[in-house]
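Inspection log for the structure reproduced underneath, given as structure tokens.
Please treat every number below as a calculation from the coordinates, not as lab data. What you are looking at is a predicted structure, and each value in this text was computed from that prediction instead of being measured. All Cβ positions, glycine included, derive from the backbone under ideal geometry; neighbour counts span all protein chains shown.
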Amino acid sequence: MYDDLEKWNRRLRSKKLRELTDEDLSVFAGKVILTWGDENDFRFYLPRMLELTAEFKTPYDIWILYSRLEDANWETWDFNEQKAINDFTIELWSNLLNDNSEKAEMEFKDYFHVVACFYYDFSQMLDVWEANENFASVKHLANYILEERQNIFDNNFINSQVKNTKNVEQFKAWLTSDKIIEKIVKAFYDNEKSEFAERLSWVERILTNAGKNNT
């Protein structure tokens, strides 16, 4: 174990902070605070790990990164440090909603689950989503509902590394609100000739029926 730590330390020290890749930081991200390094080490490498997260290259896993923030008791850090992390998280969420790339589509569910679980203001998350007029945000919503509808509406949790129930009722009410269903319908008519239109039609029916069942 000691030999491994020395090897890992040498690898981290072999590059400048901004040059470290997700692969360079992967083992560290998984082990920091638990078996390798302490809170100060984590805080030193955190800015680079967040930069990589914004590029969908989170070292090890985005859930692990935010779990390590909790292990480091980040909510006891200086106000400006806490604000920087919260500002980063909501900006990460906003950028994700605007990103129509295949990579964003692949990563959306994991990123959403992390922000929904760890960000302090779920209502703000939903407000940002609702206000976003970009087609990518509707596409992410539709894909997510088609994949997760059973967990949300039947099992009553937002799926992730844990079964997150703390915001599920608010999420269900938001999803079945007139504004969100109208958003889906508008996207359908705006993209009626696209291959994605059928998925939007399915989502509209799912949300409309779910709303009826909850009344």
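Quick notes on this one:
- As a rough guide to protection, the peptides 90-96, 73-79 ranked by mean Cβ packing within 10 Å, highest first, stand as 90-96, 73-79.
- Under the criterion of Cα pairs below 8 Å and six or more residues apart, the relative contact order for the chain equals 13 percent.
- Computed from label points 7 Å out along Cα-Cβ, the spacing between Ala131 and Phe88 is 2.3 nm.
- When shorter helices are ignored and each DSSP H run of at least 4 residues is given -39500 (n - 2.57), the per-residue value for the chain at 222 nm works out to -22000 deg cm²/dmol.
- Above-threshold pairs, the threshold being 24 Å between Cα atoms, out of Lys163/Lys183; Lys109/Lys212; Lys109/Lys163; Lys139/Lys179; Lys31/Lys57: Lys163/Lys183; Lys109/Lys212
- Selected from Trp93, Asn213, Thr35, residue furthest toward positive end of dipole (the chain; charges at beta carbon): Asn213
- The relative contact order of region 115-215, computed from alpha carbon pairs under 8 Å that lie at least 6 residues apart in sequence, is 25 percent.
- Most fluctuating residue given options Arg68, Arg13, Arg48, as computed from a GNM of the chain linking Cα atoms under 10 Å: Arg13
- Debye equation applied to the C-alpha atoms of region 115-215, log10 I(q)/I(0) at 0.21 Å⁻¹: -1.15
- Counting only Cβ charges, +1 for Lys and Arg and -1 for Asp and Glu, the dipole size of region 115-215 around its Cα centre is about 240 debye.
- Added length on full extension, which subtracts the Cα-Cα distance from 0.36 nm per residue, Asp121 to Leu17: 34.3 nm
- Using a Förster distance of 25 Å, the FRET efficiency for Asp61-Asn40 (Cβ separation, nearest 0.05): 0.65
- Shown is the FRET efficiency for Ser26 and Asn80, computed with R0 = 35 Å from the Cβ-Cβ distance and rounded to the nearest 0.05: 0.75.
- Sequence-separation-based contact order of region 87-167, relative, with Cα cut under 8 Å and 6+ spacing, percent: 33
- Using only alpha carbons, region 34-92 has a radius of gyration to Kirkwood radius ratio (Rg to Rh) of 0.93.
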